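Below: one structure, written as structure tokens.
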Amino acid sequence: MSPSRRPPRELPQINNLPPLPAPFVGRDEEIADAHRLLMDHRAVLVHDPEHRPHGYGTSQLAISYAHLFTQHYELMWVFDCARDPDPAGLADRVAEETERLRERFERDSGRPLDGPTAADWLYIFDNAADPDEVRQHFPEGNARILVTSRGTGAWKPDARLPVGALARADVVRLLMENMGLDKRQAARLADTFDGHPHQIVRAGEAVLSGKVTVEQVATVTEIARMAPPPPERPAPSPSLPVPHRADAPDKARTSLRSSLLRSTVCENTGSYLRWMTALRSRPAAAVMPEAACVGVDLLSMAERVDLLLDTVFEREDPGLVRALADTVAEATAAARTGRQMADSVRAIAEELARRWQGARQAEGQAASTEQAEAPSCFFFTSWHNRDVDFDEALRFHNLLEKRVTAKLGGRVTRSGFFDKLMQHGATWEPKMIEAIRTTRLMVPLITEGYFQRDWCRREWAVMVQRMANLNAAPGREPIAILPVFWIRPLSDWQMPADFAPYQYSVHLEGRPQYEGDVFDLVADNKERELNNYVSTLAQSMVAQAGTRLPHLDRDLVKKVPLAFRDVAGGG
């Protein structure tokens, strides 16, 4: 690592480090150990003790190291992994921060960020949920890398730095020096929290501000330790196929997205546009959306790649994904850099092409024994018709239909069906039957009354029957029902057994997108929250667009046993 001519403690010009943490660190030996490890290893993992709770200051140690050893590096950049357990979410975070680094590097150095990294660069991947998963996002070259995490994964012990409890003497000294506590107070806090840095700092600050006394802190802590742990949140029902849950990441798409964003074709807007020109010259890529192929200033590189992959994964065309890999390889050869990412794109593309080619052959065989029939709509909004919230339900349906239609890009002639728009009479029931027996998805607006209305129960039963008719292998059944909690039933309400496998279908990064009443978002004009929810729901719906769902014969629609018999009293 070459020395710098900057003044002592001055950070490199290209950095995004947060300010130096408070002086209460007490990690001088560990910081020195981190530097020694980075002399011998390209990447070092800083982690909490394996047998104790989190909060031991791994992030603080990493940032303190960067500030204290700034003279050894010419570039420092922090990637906040935010303990995101979802590989797709992690890839998004790293790609967005990489894009910011590219822009900063080109602005400050006057040249693009390309080629392998140097040994006098420091990358910090902070708060990684899985220290093994983050490895695939390491840059090429010799940049030194610090990863902070609560766990150790499969990292070798000689490249790991555990950060454990502080020694009691260090705690007493630091509390006295930095927080103005006397020796008795400092010793009491040190004994109460057993060397846990984060707890000690918070308690010391509270005592120093006069909010509480040391004895009050100790008493409350002892009481809190007597309380039982909080109940765990309910997990998604195991009866819903895991590979197709809305919160289950598509690993192939995630890997392809990550490889593209790190490849030479996504280095900057110019390289991306040249790649799009080459790709659109291929016959298989004539379907590419215009928004993905132009340099829209309002779109980040990650958003452009997402638009591109939307079409690739919706069409499942082997020729299209192979054309994508071919043009990446050609651009990489011309740039003479980035071969590793180009090879990764090629491997993923070939795997997808083989998978999709086999699926098309299977579909062709099925089509020879079944007459093709076009669906009347892509999704069906199932709703307990009532006048009190008609305007809100209609507005929600229209917002969802607009978003889905835009994402599908003209692949369907009609995307949504809303039954309240139908007039009661002779033409109402046939159109309802046609829509529910052929639609790809049903979006039920859940209320307590939904489970008792006969038509809602029939619509649900028809969709379940259509899924069963596919005779898919276990774990490969398509999702066809995406419930929306329009007005959540009261806490003492017993959810019907039929509903359980689908109640967690709409998720974002492993968590429910919204835990309140969606009706309130519409009625109270909470535009931001509503748009976020509709966007996530539409994304889950479009992800299912390419999966075939058998239609149900018209004569069978009224013969299917109604759903929710345990709540609706049988029948």
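The values are calculated or read from the model by the stated rules, or taken from the named source; none is laboratory data. Worth saying up front: this structure is predicted, and the values here are computed from it rather than measured. Reconstructed Cβ throughout: ideal geometry from the backbone, glycine too, with neighbour counts over all protein chains shown. Ligands, DNA and RNA are excluded from the accessible area calculation, which covers all protein heavy atoms including side chains. Shrake-Rupley method; radii C 1.70, N 1.55, O 1.52, S 1.80 Å.
Observations
- Counted residue by residue at 0.36 nm each, then reduced by the alpha carbon distance between them, the extension gain from residue 388 to residue 132 reaches 86.9 nm.
- Over all other residues within a Cβ to Cβ distance under 12 Å of residue 139, the charged ones net out to +2, with Lys and Arg as +1 and Asp and Glu as -1.
- Averaged over its residues, the range 96-138 has an accessible area of 47 Å² per residue, based on protein heavy atoms and a 1.4 Å probe.
- Stretchable slack from residue 339 to residue 500, in nm (0.36 nm times residue separation minus alpha-carbon distance): 53.2 nm
- Residue 535 accessible area, assembled protein chains, probe 1.4 Å, Å²: 30 Å²
- Counting only aspartates and glutamates at least 8 places from residue 526 when in the same chain, those with an alpha carbon closer than 14 Å to its own are 392, 517.
- Additional length obtainable on full extension of the chain from residue 527 to residue 42, 0.36 nm per residue less Cα span: 169.9 nm
- Charge context of residue 59, other residues only, Cβ under 10 angstrom, K/R +1, D/E -1: -2
- Projecting label points 7 angstrom from Cα along Cα→Cβ for residue 454 and residue 469 puts them 2.2 nm apart.
- Of all accessible heavy-atom area on the range 22-159, the percent that carbon and sulfur account for (1.4 Å): 48 percent
- Cross-link reach list, aspartates and glutamates versus residue 431, counting only Cα pairs under 15 Å and skipping chain neighbours closer than eight places: 419, 459, 553, 555
- Modelled spin-label separation between residue 282 and residue 492, with each label point placed 7 Å from Cα along the Cα-to-Cβ direction: 6.2 nm.
- Computed FRET value (nearest 0.05) for residue 565 with residue 515, which takes r as the C-beta separation and R₀ as 25 Å: 0.35
- Ordering of 64-76, 522-534 by burial proxy (mean other Cβ atoms within 10 Å per residue, highest first): 64-76, 522-534
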